[in-house]
Amino acid sequence: MNLHSFTQTVPRHPKCRGWGLAVLVGLLLAAPLPRIRAADAFAQNRKLSRGVNVLGYDPIWQSFDRARFRASHFRTIREGGFDSVRVNLQPFRFMGAGPEFALRDSWWRTADWIVTNALASGLTVILDFHEFNAMGDHAEANQPKFLAFWKQAAAHFQTAPDNVLFEILNEPCRQLTPELWNRYHAEALAIIRATNPTRTVIIGPAFWNSVDHLDELQLPAADRNLIVTVHYYKPMAFTHQGAPWTNQKDKLGVDWGTPEEQAAVTRDFEKVQAWSAKEKRPILLGEFGAYDKAEMAARVRYTSFVARTAARLGWSWAYWQFDSDFIVYDLAKNQWIEPIHRALIPDAAR
């Protein structure tokens, strides 16, 4: 399907008349499922290749007229050597009352604009449900809203090309224990599969997509069209120094790059790679980076080492993030933060 066909066929008022949730989850977890004929997840992961997180904190979601991000920035990202964008979606505040929790038309118009322009610029798109704080703090209360989002989004984007991927939830944490998260992501995946049986879906482990909790992630064996995501910010004392939302806010001047520090990253990644080989699942490093208050040379060493190590293992990756903080692009000056850009994309045209 070409881009024009996709934009013309996306429904404005999605209604999904799927089976009841219990039936869906039962089909996913209890009954033997037929093999899903779909794009190969490893091939899809290669299309993601080098990515960047975008639009999580842009005022575009409140008002299109206030947007910092422009359509031209998708072209800038592509021309800057990136292959994909991970779009951080925080839709809860734009949803109506239950039980439908219908999303506003204005939210859909913005989401469609993002997907259309990203695809037109040659980028593969991850639609990342980024309400991890709300879900982590009030998992049970927000479960109906979480599932209602995926019912609507899956129906809305069911005719999108296969280079639009769904990520069920960013960084499940706190109340979303590994056991509860395994149940919640299975329920969401069942809803998605009702309308998107061949869509590539991304799922990561609990504890903020930690590399140390992959063994607790339970996935349906018959569904091979899944990419597994992990995030990496170790050591936090370096990557989050000066970050005001952390206990590192008053700790500055932490360096990184010794052979021992590099070896620690390698050990963590090789552990993930061993899991990937055993489970035959591709890996997306969905977030990594070092906060802007770290010394630039150390940030460059860290960013380059993490990106090159992930690429050497055959993973895709998405840097955190394009603008706002941890930035790779200065929107006010309309230019790349060159040291970080070069660390990520050393072969990009200058």
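The values are calculated or read from the model by the stated rules, or taken from the named source; none is laboratory data. This is a predicted model, so every value here is computed, not measured. Counting neighbours? That spans all protein chains shown, and the Cβs are built from the backbone with ideal geometry, glycine included.
Checking each residue in region 206-232 for being part of a helix (DSSP H, G or I) and more than 12 Å from GLU167 (Cβ to Cβ) picks out ALA206, PHE207, TRP208, VAL211, ASP212, HIS213, LEU214, ASP215, GLU216.
The one condition from (1) under 19 Å from TYR319 (Cα atoms); (2) touching a Gly at 6+ places or on another chain (Cβ under 7 Å); (3) of a type in the set (A, V, I, L, M) that ALA297 does not meet is (2). Please enumerate the residues belonging to region 117-154 that are acidic (Asp, Glu) and either farther than 22 Å from TRP320 by Cβ or over 19 Å from the mean Cα position of the chain (by Cα) (or both). Correct list: ASP137, GLU140.
Filtering region 171-205 to residues that are β-branched (Val, Ile, Thr) and either in a helix (DSSP H, G or I) or surrounded by fewer than 19 Cβ atoms within 10 Å (Cβ to Cβ) (or both) leaves THR177, ILE191, ILE192, THR195, THR198. If you check PRO220 against the conditions, is it within 28 Å of PHE269 (Cβ to Cβ) and either under 17 Å from the mean Cα position of the chain (by Cα) or surrounded by fewer than 23 Cβ atoms within 10 Å (Cβ to Cβ) (or both)? When the stated conditions are applied, PRO220 passes them. Taken over region 50-66, the criterion of being crowded, with 17+ Cβ neighbours inside 10 Å, assigned to a loop (DSSP other than H, G, I, E, B) and among the small types (Gly, Ala, Ser) is satisfied by GLY56 alone.
Conditions tested, residue by residue: (1) over 17 Å from the mean Cα position of the chain (by Cα); (2) modelled with pLDDT under 95; (3) not small (Gly, Ala, Ser).
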position: HIS156; (1), (2), (3): yes, no, yes
position: ASP162; (1), (2), (3): no, no, yes
position: LEU176; (1), (2), (3): yes, no, yes
position: GLU179; (1), (2), (3): yes, no, yes
position: ARG183; (1), (2), (3): yes, no, yes
position: GLU187; (1), (2), (3): yes, no, yes
position: PRO205; (1), (2), (3): no, no, yes
position: SER210; (1), (2), (3): no, no, no
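ARG109 meets the conditions (1) touching a helix residue (DSSP H, G or I) at 6+ places or on another chain (Cβ under 7 Å); (2) in a helix (DSSP H, G or I); (3) more than 19 Å from PRO197 (Cβ to Cβ); (4) not hydroxyl-bearing (Ser, Thr, Tyr) in every case but one. The failed one is (1).
You will find that of PHE69, PHE6, PHE82, PHE42, the residue that is closer than 28 Å to SER121 by Cβ, part of a helix (DSSP H, G or I), at pLDDT 95 or above and not β-branched (Val, Ile, Thr) is PHE42 and no other. Just one of the listed residues (ILE168, ILE114) is without any contact (Cβ under 8 Å) to a residue 40 or more places away in the chain and within 17 Å of the chain's Cα centre (by Cα), and it is ILE168.
To keep it simple, each residue is scored yes or no on (1) out of contact with any Pro (no Cβ under 6 Å at 6 or more places or on another chain); (2) more than 24 Å from THR198 (Cα to Cα).
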{"site": "ASP128", "(1), (2)": "yes, no"}
{"site": "PHE132", "(1), (2)": "yes, yes"}
{"site": "GLY136", "(1), (2)": "yes, yes"}
{"site": "GLN143", "(1), (2)": "yes, yes"}
{"site": "ALA155", "(1), (2)": "no, no"}
{"site": "ILE168", "(1), (2)": "yes, no"}
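Does TRP208 qualify as being out of contact with any strand residue (DSSP E or B) (no Cβ under 8 Å at 6 or more places or on another chain) and within 26 Å of GLU270 (Cα to Cα)? Against the criterion (out of contact with any strand residue (DSSP E or B) (no Cβ under 8 Å at 6 or more places or on another chain) and within 26 Å of GLU270 (Cα to Cα)), TRP208 does not qualify. Exactly one residue out of ALA310, ALA290, ALA263 is at pLDDT 95 or above, farther than 23 Å from TYR57 by Cβ and surrounded by 20 or more Cβ atoms within 10 Å (Cβ to Cβ), and it is ALA310. All told, GLU131 meets the bar of being in contact with a Phe, Trp or Tyr (Cβ under 6 Å, 6 or more places away or on another chain) and either among the aromatic types (Phe, Trp, Tyr) or surrounded by fewer than 23 Cβ atoms within 10 Å (Cβ to Cβ) (or both).
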